[in-house]
Amino acid sequence: MNTIVYSHASSMQQFAVAKLHKSIRLAGEDAEAIGYEEWQASGKKARIIIAVVEKGQAAPSTGDNSCVAITRIDDAVLPDGFEIRRVEGTTYVLAVNEAGAMYGVLELAERLELSGELEKVAEEVINARFSFRAVKFNLPWSSYRKNDCFRLQTDTVRDLSFWAKFLDMMAVNRYNVLTFWNLHPFTSMIRPVNFPLACPFTEEELQEWRHYWTTLFRMAKERGIATYMIGWNIFVSESFREHYDPKAISDETFYHYGDSYSTEQIKQYTRECVTQLINEYPDLTGIGTSLGERMNDMTPEERQSWINDVYFEGMRQAERRVKFIHRAPFSVDPSVTRQSIEANCCAAAEEVWLEVKFNWSHAYSSEKLLLTHGGSNGMNGYWNPEPTHYGITWMIRNEDFFTLRWAQPEFIRKHIAENGQSYVGGYYIGSECMIPALDYSHKQDSEHKNWDYLFEKNWLYYMLWGRLLYHPGVSDKVFEHALNKRHRSAIGKSLLAAYSAVCKMPMALASLYSFTWDFTLYAEGFMSTDEAEFDEGASFISLQDLMERCSFNPEYVSVADFTANQLAGVHSSGITPLELASTLEKDASAGLDLLAGMPSGTPELCCEKADIEAWAYLNLYFAAKLRAATAYSIYRHNGDEEQYQIALKYIQAPYAAAYWERIVDITESHYTAHPLMHLGKTLFSWRLYLPYVQADIKHILERQ
């Protein structure tokens, strides 16, 4: 019998010990978990001791209630870090805080499963690479975007059983921050004292909401997860406008983007909401604001002054200090924001994080920072010189793949290595246009589907980001083991390699094809809506689009520039369209070959393999279309008939056209047409774009 000694009073240790208990049983042994006092009274020898200790203090000793060993934590262990140490047959998990102890026990459980024996688990000190490891979660009510993909999520997100699973996933994967985003969060949380009619709910309804939020914040805290409520700027509730500002502009023009609309009453109302929210929810860690929306006509100084007068002042008036997330303003003048934070943070906030969108809305483009929201000129003023009153946090927005599973650990590792400067506190991962709750894209009656929620389908995506943000040195063997365990088959190494090969496609497309905001790229749909949002026909990236669009990443040569260089007899410096096409083809072949060598497996494994196959054919489609676009571009400039025939060859079957038809067949085996923010009321499917695949062929046949 393995005796595990831990603190009964710690919810985080309880959570992790339950996982460890299962791992010990998987190793073929039995275990009991007891608290310190019970253990001390029992006289039993402890096999595993979990302890939170201060530097220089001794951990609990083991063996017949006598002090056999004095075990002190390594001085290198930091908050959220841990040490695994073995002393006279007892394995210690030592940490300086409860979160570190939880992560240490989870690590021990995982390593035990990998090694099969406790004694084979190596002694080690591991610290968190980033102190801020966050999920961005947009709420479906008072949402920034309006679409069925949000409305469909309301009931699921209101269900605390969903949150229990989501928070468990976060804790296991070492995330420690959950950020909630919507336009005006206060409506469902408080009844403002001086503006009671701004809350539209009855007292009974508001109590239900209060129970929901109070429970959710407590559940997160029990798992070591900080919570932040983040709103946009000059927004008020519909009830506020109805009862306190009847002359306010209509809902249609009061949407998220536009000029400012603020009065002294609105500032007072929002300021009091900030204070009251902090006071009424003691387990809420912090608040934040997205500086820029509804402020188009304001100068940087006016925008920051509004935040100072409303948010910072509201925080000052609260009964406790909280942490604050300050989105970097879209109109760049770092000195204004820096001065404001430096002047206000100590008095108003316990800690300040400055959030910066990495490569605007499409972080899956390059591991290098090439663009931020609104453009990058001057943005480095936020971290040069290095800040002392706040830390930079990168927003890794995913607006490029919502349906197909994605896994590419090397991209994440490179990203962290490239952007982990001393002033960087951490990362957020998440989306503006997708909520990972109800899975409405998968066929509900399919034998593939053995998960309840979308994040469970995408479990590997969350595992990769969370584990690597905590410890970039995590071996791929950990992820391979997780795949083996999930599918009850030794296919993890091949499956992860297949994912890694084909899932480079979104980064390749975003590197070659320039973008800005959310809808300007959607890689898995081969879409770019630009300003013509919700236009089905304009959204597909056509042959002409590829020939005209400049590249985003300067390391990549656009079709237009490559053509000009070829005609001028100039060597193209960088990754050319034809070189990229070759890489895409090699990646697709590697992924398909790995799939061919795997057993058919369970229905869920078939589902994962289908996603990998779909990515492989997206690689092949992109490659063939690049070859066609390059050849046709040269033909249009010099009339070279050989180039025309090459273009015609690659745009038709058995190349591009056949590849897209294969994508349709694969995806229709387990997905259904579903809402997509980028298309408005039009439901997304890959079949939707078959006519536009044919239009490319017509474009060349008619020599347009």
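Pop the C-beta distance of residue 267 and residue 9 into the FRET formula with R0 = 51 Å and round what comes out to the nearest 0.05.
0.70
With a ≥ b ≥ c the root eigenvalues of the C-alpha gyration tensor of the stretch 2-126, is it rounded (a/c under 1.5), prolate (a/b larger than b/c) or oblate?
Taking the square roots of the gyration eigenvalues as a ≥ b ≥ c, the stretch 2-126 is rounded.
So in the chain, what percent of DSSP beta bridges are antiparallel if you round to the nearest 5?
Here the share of antiparallel DSSP bridges comes out near 20 percent.
Can you give the FRET efficiency to the nearest 0.05 for residue 422 and residue 703, using r as the Cβ-Cβ distance and R₀ = 51 Å?
Efficiency at R0 = 51 Å is approximately 0.35.
Starting from the Cα of residue 497, step 7 Å along the direction of its Cβ; do the same at residue 565; then give the gap between the two resulting points in nm.
3.3
For residue 317 and residue 555, compute 0.36 nm times the residue count separating them, minus their Cα-Cα distance, and round to one decimal in nm.
80.6 nm
Let me have the 222 nm mean residue ellipticity of the chain computed from DSSP H runs of 4+ only, each contributing -39500 (n - 2.57), with the sum over all residues rounded to the nearest 500.
-13000 deg cm²/dmol, from helical runs alone.
If neighbour count is taken as other Cβ atoms inside 10 Å, put 326, 211, 448 in order from fewest to most.
Starting with the residue having the fewest Cβ neighbours, the order is 211, 448, 326.
Net charge near residue 226, counting Lys/Arg +1 and Asp/Glu -1 over other residues with Cβ under 15 Å of its Cβ?
That works out to +2.
What pairs in 485/625; 221/357; 323/485 have C-alpha atoms more than 32 Å from each other?
Pairs exceeding 32 Å: 485/625; 323/485.
Quick one: if the Förster radius is 60 Å, what FRET efficiency do residue 168 and residue 573 give, using the C-beta to C-beta distance and rounding to 0.05?
E(calc), rounded to 0.05, equals 0.75.
Ranked by Cβ crowding within 10 angstrom, fewest neighbours first, how are 399, 54 ordered?
54, 399
Given Cα pairs under 8 Å that are at least 6 residues apart, what percent is the relative contact order of the stretch 505-701?
20
At what distance in nm do the modelled label points of residue 682 and residue 331 sit from each other, each positioned 7 Å from its Cα along Cα→Cβ?
Label at residue 682, label at residue 331, 3.5 nm between them.
What nm distance separates the two modelled labels at residue 204 and residue 672, each placed 7 Å from Cα along Cα→Cβ?
Each label point lies 7 Å from its Cα, and together they span 3.4 nm.
Peptides 437-443, 569-575: what's the order by average Cβ count within 10 Å, highest mean first?
Those peptides, ordered most packed to least, come out 437-443, 569-575.
Under 1.5 on a/c is rounded, so check that first for the chain, then, if it is not, pick prolate when a/b is larger than b/c and oblate when it is not; a ≥ b ≥ c are the square roots of the alpha carbon gyration tensor eigenvalues.
Cα axes put the chain in the oblate bin.
For each of 451, 213, 394, count neighbouring Cβ atoms within 10 Å of the residue's Cβ, then give the residues from fewest to most.
451, 213, 394
Is the stretch 132-474 best put as rounded, prolate or oblate by its Cα gyration tensor, with a ≥ b ≥ c the root eigenvalues, rounded for a/c under 1.5, and otherwise prolate when a/b is larger than b/c, oblate when not?
Because a/c hits 1.5 or more and a/b fails to exceed b/c, the stretch 132-474 counts as oblate.
The numbers here are math on the coordinates, done by the rules we state, and not lab data. Treat the numbers as computed from the prediction; the structure is a model and nothing was measured. Here the Cβ is made from the backbone with ideal geometry for all residues, glycine too, and neighbour counts use every protein chain on show.
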